[in-house]
Amino acid sequence: MSKIRFQSRRIALAAGFVALAGMVNQAAAADATPRTGKQIVEAICIHCHGEGKDGAPRIGNTNDWAPRAKFGLNQLSKNAMEGVRKMPAHGGEATLSDLEVERAISYMVSGGRTPDPQKTHGKVSHGSGEQIVASACGNCHREGSNGAPKIGDAEAWRPRLAKGINELVSSAVHGHNKMPSRGGFTNLSDADLRAAVSFMASKSSGPNNK
Ligand code: HEC
Ligand code: HEC
């Protein structure tokens, strides 16, 4: 790649990051500093997707990816987040955010030729926040095991809520002290975690709000 093209891509990327930083809404990435597709692929996905271990489609190999890519990035992302056959959920690395998983996929599909996606689609859903809390987070947050802030306990939640929902979703994605990444449920997407965090927060934000 020529130097000029490289630089103009960097400028375009930088502009994208500025746009992302200014966009504090539901769809914004849970993590303020997501890694690039290249970094994630070279740290994690390459272990299987480099040589095509267990039939993993090889990085940048159009023939391997074409039949899969035709289902679209959303379907590929869903499969990569939940795992499919010998492909482990999140590539076996639960702390990757949805956006990072998507970046790694587009890097592999294109062989590094497309710029990183800036915004996660956030569509993978395993139910409402209430359902996810009931089936996953409640295991610890109902009783407050291991120091988990108990649902409905406004005292326990106040200092955490002060960090803002984005920060709490980021804690849920990456883990936080004794709170395991994704609560240990590696198939949950960032959108699921956001729904669950919002539900717990809504039940815990005031003394009469149980
Ligand atoms: C332990 C090995 C392993 C690692 C690590 C791994 N993969 Fe995979 N991956 C596979 C295998 C095997 C398949 C083929 C599964 C199949 O279709 O049978 C696959 C398939 C995929 C697919 C295609 C799914 C589909 O719908 O056809 C995507 C997307 C994917 N991996 C993304 C990733 C990303 C992103 C990473 C890094 C974060 C990663 N993988 C890390 C083994 C791995
Ligand atoms: C295995 C037990 C366990 C499960 C399951 C669990 N948590 Fe937690 N969680 C904890 C503990 C323990 C803490 C307190 C960690 C600390 O701050 O010391 C915590 C803290 C948190 C916090 C506050 C983090 C912060 O930055 O202050 C959030 C948000 C959270 N959990 C979300 C969730 C969500 C969402 C789920 C379900 C997907 C979930 N947790 C499932 C144990 C768990």
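A short reminder: the numbers here are calculations on the coordinates, not readings from a lab. Values in this document were obtained by computation on a predicted structure and should not be read as measured data. Cβ coordinates were reconstructed from backbone atoms using ideal geometry, including for glycine residues, and neighbour counts include every protein chain displayed.
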| field | Dipole of region 49-183, positive direction: furthest Cα of Gly152, Gly164, Leu96, with charges on the beta-carbon | value | Leu96
| Given Lys78/Lys119; Lys38/Lys119; Lys78/Lys203; Lys38/Lys86; Lys86/Lys178, the pairs whose alpha carbons are separated by over 24 Å | Lys78/Lys203; Lys86/Lys178
| note | Dividing the surface of the Cα convex hull of region 129-203 by four yields a projected area in nm² of 4.2 nm²
| request: Working from the alpha-carbon coordinates of region 116-171, get Rg over Rh, Rh being the Kirkwood radius. | output: 1.04
